[in-house]
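Bear in mind these aren't lab numbers, they're just calculated from the coordinates by the rules spelled out. Here the structure is a predicted model, which means the values were calculated and not measured. Glycine also receives a Cβ, built like all others from the backbone with ideal geometry; neighbour counts cover every protein chain displayed.
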Protein chains: 6
Amino acid sequence: MSTHTQRSGDRYFEDVELGEERTVADARTITETDIVNYAGVSGDFGDIHVSEEAAKETGFGQRIAPGNMVHAIAETIGIDWAVEAFSYGHDNIRFVNPVFIGDTITVHTEVVAVEDYDDEFGRVVNKYTVTNQRDETVLVDEHILLVKRRNAGE
Amino acid sequence: MSTHTQRSGDRYFEDVELGEERTVADARTITETDIVNYAGVSGDFGDIHVSEEAAKETGFGQRIAPGNMVHAIAETIGIDWAVEAFSYGHDNIRFVNPVFIGDTITVHTEVVAVEDYDDEFGRVVNKYTVTNQRDETVLVDEHILLVKRRNAGE
Amino acid sequence: MSTHTQRSGDRYFEDVELGEERTVADARTITETDIVNYAGVSGDFGDIHVSEEAAKETGFGQRIAPGNMVHAIAETIGIDWAVEAFSYGHDNIRFVNPVFIGDTITVHTEVVAVEDYDDEFGRVVNKYTVTNQRDETVLVDEHILLVKRRNAGE
Amino acid sequence: MSTHTQRSGDRYFEDVELGEERTVADARTITETDIVNYAGVSGDFGDIHVSEEAAKETGFGQRIAPGNMVHAIAETIGIDWAVEAFSYGHDNIRFVNPVFIGDTITVHTEVVAVEDYDDEFGRVVNKYTVTNQRDETVLVDEHILLVKRRNAGE
Amino acid sequence: MSTHTQRSGDRYFEDVELGEERTVADARTITETDIVNYAGVSGDFGDIHVSEEAAKETGFGQRIAPGNMVHAIAETIGIDWAVEAFSYGHDNIRFVNPVFIGDTITVHTEVVAVEDYDDEFGRVVNKYTVTNQRDETVLVDEHILLVKRRNAGE
Amino acid sequence: MSTHTQRSGDRYFEDVELGEERTVADARTITETDIVNYAGVSGDFGDIHVSEEAAKETGFGQRIAPGNMVHAIAETIGIDWAVEAFSYGHDNIRFVNPVFIGDTITVHTEVVAVEDYDDEFGRVVNKYTVTNQRDETVLVDEHILLVKRRNAGE
């Protein structure tokens, strides 16, 4: 297991309930800057992201945000409730609709699985549905988290 | 479908063969800078990534790279062969082992599915295995791509 | 008044008590990357920040972090409790000791004033004391916030 | 004392006169990029800064720049006259009016105090008044500097 | 000699022919973000780049991109064909026309010299002509490269 | 002509003398962060810059800074004397020795040509010699500038 994303939240594995939902509305506007900066970090200078002229000739008609970037931003927004959690992996990430420059995303999460893992952590699957300001779904994801147990290590 | 990652490659869907493999060895060193910059782009300031003191108290003993960042960098390295391709989604991303500051990653890909999609694109699943300089697997991923057909739109 | 820093907290002005304290221990390691990136954003390429050779000849003996940067990072860490708050200003910011590359900061806040402001907001002064991993105070600040009232606008 | 901001200026403490003023007109346009980059460095992703939709619902009607960022940029612009100076602290920072994306700031400084400090440095208070292209004051600040004496250390 | 720019290309010195040409059309849109980020990396906050108000009063009437930035971006785009190459230097860089925010550049290269250098490398001069979407030449450059020989070191 | 680099200097074309020299000693340490950030801005992820493992196998034995980056940083450091100047071009840039992570550069300039250009500007060639902390020359450049005349436009 690996990516740790400790947050200032106050919930332990025992507090997580199957079916619980959260929504962070209008959480972040995806800007041209985000796209250019993400290209710089990831190395992905695909022309649909960084060339307006090339993008005009695609079906999108304009530059679009990298799916992985929208995914990363959304995950951060939706994960601030746990005392301590590690990212175990992802299933079923789908880039359902393009995110254009200036779109603002809303992040909705639902707990779709709660399972034992080991003495220290429990396994939680948090399903993400990311929408834009036109209420279109742009991304779905099943994020598998290992969430700290309240009495871990005792 | 959505994320477009056009590359300077020369291969169309018809050129892709089931089972073909690629390796880009020692492709990129994951630096403290990458981690700090990625926090800035994603907004993920989880303390396992940005606090050395907090990280010392975890099982890792030091800061680790965000899994999504390693994933994004690896995908960029492994995708430079197509004339035009869109990222349809991902299955089965697993963060198998931590990536520490200073680790250098090698990216191995294998085509594990080649299927018709529509008149313009074919569907390809490219399986990623990312290893570090100690030959440990750090990440796996099944990247679903829509790859342009040679005679698309004719 | 101006800078808005809405956070995912759940506290209104009425919930704030004089004397309440918070500590976020080992919140963030100040890296060389932070210093270089902050130079790029602020334009401050003072050589005590960006030249190791020049810094060696000062009393510090090495590069130090810009005080304003430490201040900005600490403020962000200490402010995540309000439903909605605006930054009204700062008094008495003092850069008490240098922050070196690799130092990890702990952020302590104490509410030192709670006053009426208008129908929508109350005025709160949050005193910051930032320490390093050697328990030295590096920065103090009195941050004046306008915090949303529970029944604002009714 | 701590933050050092050596500049290519040629003035020592003895050259500084009470009441001297400087203006750098139209010094820098505050862009969406600055705001996004500053969020990344400070960690402040308050939605008034990074969500256009959320910002529309505030009294500002649009995203605004973080006050600390405007402060940091203005300080850099106004400090290029000293041979060597350290930032001792700030008093009375007030965010008087919002700075919107695309606003261009003018930086005016006036020396409001000149006092002995020790054998090496003198104490100077430089009062900042930052205005936008509509001649509105957006920020004030009293920056306390320790400025090198001409014969320091002799 | 010094800057190494190894690329995923497959061409050795022996494969390079005098007069060969390449064009990468609509390769990248130069954004406000690129200009602000480049200022941060280079330290060049010249007001023609970062102040819209100051730029209005020049003959250009608006902010322009730093010539060195356009040069750096163009070089990267035009160099992806070699197995291994080092940058030896540049002659005759000329900033022929301004690049404005939102312009998209096309990169054309022509090999104008092919010469022996030593046992490991050959010397190639690659002439760059960078144009914008209005077919105006914005930059020319003669890039001197040392390109790996096929049997280097044997 | 194109790149404008207005600076806070006070010198006009008439003030520039053939043979005048300037040195900014220990001006900036080239960090891993600079290299990673420059890769992000330029798009140049050549493995000699971003892969420690690949770099070990070259003659350099470690990662080196991109020559164009060192050039851009040095130019900014050496140009702060003019009231207003435009970058016309460069001749004879040579990357004489590698710059490694942690090296600190000194920038020396000498005016090697002063010529009339038109009624508004004069033409100045400023020869750069960049050295490291071991007194090795790492870069030379002849920077052609158009420098504002004192009575331009009268």
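Only Lys, Arg, Asp and Glu count, each charged at its Cβ (+1, +1, -1, -1), so figure out the dipole size of the protein assembly as shown about its Cα centre, rounded to 20 debye. Dipole about the Cα centre, nearest 20: 0 debye. Modelled this way, with points 7 Å down the Cα-to-C-beta line, the labels at E:E14 and A:E110 are 6.3 nm from one another.
Under 5 Å from the amide H of C:F60 lies no amide H of any residue 5 or more positions distant or on a separate chain, with H modelled from the backbone and absent for Pro and chain starts.
For A:K56, the distances from its label point to the matching points in the remaining copies are 2.7, 2.7, 4.9, 5.4, 5.7 nm, ordered from shortest, with each point set 7 Å beyond Cα toward Cβ. Here E:K148 is the anchor, and the lysines within straight C-alpha reach of less than 25 Å, apart from those fewer than 8 places off in the same chain, are E:K127, F:K56. Among A:T31, A:T137, A:T58, the residue with the largest mean-square fluctuation in a Gaussian network model of chain A, with springs joining Cα atoms closer than 10 Å, is A:T58.
Which value, in Å³ per residue, describes the convex hull spanned by the Cα atoms of the range A:92-154?
Output value, Cα hull per residue: 92 Å³.
Cα axis of helix C:32-42 to longest principal axis of chain C: angle in degrees, 0 to 90, nearest 10? Roughly 70 degrees, rounded to the nearest 10. For A:N151 and C:T23, a Förster radius of 22 Å and the Cβ-Cβ distance give a FRET efficiency of 0.40, rounded to the nearest 0.05. Take every Cα pair under 8 Å whose residues are at least 6 apart in sequence, average their separation, divide by the length of the range B:3-148, and the relative contact order is 32 percent.
Each 5 Å bin from zero holds the following percent of Cα-Cα pairs in the range C:14-154: 2, 10, 18, 19, 16, 13, 9, 7, 4, 2, 1, 0, 0. Shape annotation for the range D:20-64: C-alpha extents along the principal axes are 42, 25, 17 Å, from largest to smallest.
Evaluating 6.51 cos²θ - 1.76 cosθ + 1.60 at θ = phi - 60° for every residue in the range A:105-119, the Karplus couplings come out as 9, 10, 10, 10, 10, 9, 7, 10, 7, 9, 9, 5, 10, 8, 5 Hz, glycine and proline recorded as x.
Dipole magnitude for chain A: about 240 debye, using +1 per Lys or Arg Cβ and -1 per Asp or Glu Cβ, origin at the Cα centre. What FRET efficiency, computed as 1/(1 + (r/R0)^6) with R0 = 25 Å and r the Cβ-Cβ distance, is obtained for A:N92 and A:D118, rounded to the nearest 0.05? It comes to 0.55. Sorted shortest first, the separations between the E:F100 label point and its copies elsewhere in the assembly read 2.2, 2.2, 4.7, 5.2, 5.3 nm; each point sits 7 Å from Cα along the Cα-to-Cβ line.
Among chain F residues, the beta-carbon with the smallest distance to the axis carrying F onto C is reported, with distance in whole Å, as F:T33, 3. Between the range E:94-154 and the range A:18-71, the alpha-carbon centres lie 31 Å apart. Note that the range E:82-93 has calculated 3J(HN,Hα) couplings of 8, 5, 7, 8, 10, 8, 8, x, 9, 10, 6, 6 Hz, one per residue in order, obtained from phi through the Karplus relation 6.51 cos²θ - 1.76 cosθ + 1.60 (θ = phi - 60°); glycine and proline are x. Taken over the protein assembly as shown, the convex hull of the Cα atoms encloses 171 Å³ per residue. Each other copy holds its own label point for A:R134; taking that point as 7 Å from Cα along Cα to Cβ, the gaps run 3.1, 3.1, 4.9, 5.7, 5.8 nm, nearest first.
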